[in-house]
1. Picking from I28, G81, L18, whose Cα lies most toward the positive end of the charge dipole for the chain (charges on Cβ: Lys, Arg +1; Asp, Glu -1)?
2. How much accessible area per residue does segment 11-53 have, counting only protein heavy atoms and a probe of 1.4 Å, in square angstrom?
3. Could you give the length gained on full extension between S25 and T84, defined as 0.36 nm per residue of separation minus the Cα-Cα distance, in nm?
4. Express the C-alpha Rg of the chain as a ratio against the empirical globular expectation 2.2 N^0.38 Å, rounded to two decimals.
5. Can you give me the angle between helix 97-115 and the longest principal axis of the chain, using Cα atoms only, in degrees from 0 to 90, rounded to the nearest 10?
6. Need the list of lysines near K115 for cross-linking: C-alpha distance under 23 angstrom, and skip anything on the same chain fewer than eight residues off.
7. Cβ under 12 Å from A113's Cβ, A113 left aside: what net charge do those residues give with Lys, Arg +1 and Asp, Glu -1?
8. Using the Cβ atoms and a cut-off under 12 Å, what net charge is assigned to the surroundings of N52, where Lys and Arg are +1 and Asp and Glu are -1?
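The values are calculated or read from the model by the stated rules, or taken from the named source; none is laboratory data. Predicted model, so just to flag it, every value in this text is computed and none were measured. No Cβ is skipped: glycine too gets one built from the backbone with ideal geometry, and neighbour counts run over all protein chains shown. The area values use the complete protein model at the heavy-atom level, side chains included, leaving out ligands, DNA and RNA. Shrake-Rupley method; radii C 1.70, N 1.55, O 1.52, S 1.80 Å.
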Amino acid sequence: MDKLIDQSCKRPQKGEGLSPSEALSYHIQIPDWQLVERDGIPRLERVFRFKNFAQALAFTNQVGALAEAEDHHPALLTEWGRVTITFWTHFLKGLHLNDFIAAAKTDGLFEKAEKE
């Protein structure tokens, strides 16, 4: 299986939603993310912690730029010292490979931010 972080998001097609077993096979590469279900829709979610609001906001902006570049946009909640990010594919009302790719790339941004 190719590394998620090395892939790019592609426009999803009808019927390309992931089965629960497919989602679990990709989840191995992003273990810090939670598989959650809200309103009957499976989603990926992770809380990222920071020392203050300014760092959380800077990370939010980086994730926004990534979302634009990949054309795959998460729900973002920015608070003092933390950012909650949730990915799912609205069109499919579930999870797609894009969600896992974007989550892996988001992890990469966070690892880079921690080093700075």
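1. Final value for the positive-end residue is G81.
2. With the other protein chains kept in place, segment 11-53 gives 70 Å² per residue.
3. Here the answer is 18.9 nm.
4. Rg over 2.2 N^0.38 Å, computed on Cα atoms: 1.02.
5. 20 degrees
6. Answer for K115, where 23 Å is the Cα cut-off: K3, K51, K105, listed by chain and number.
7. Its environment carries a net charge of 0.
8. That sum, taken over residues with Cβ under 12 Å, equals +2.
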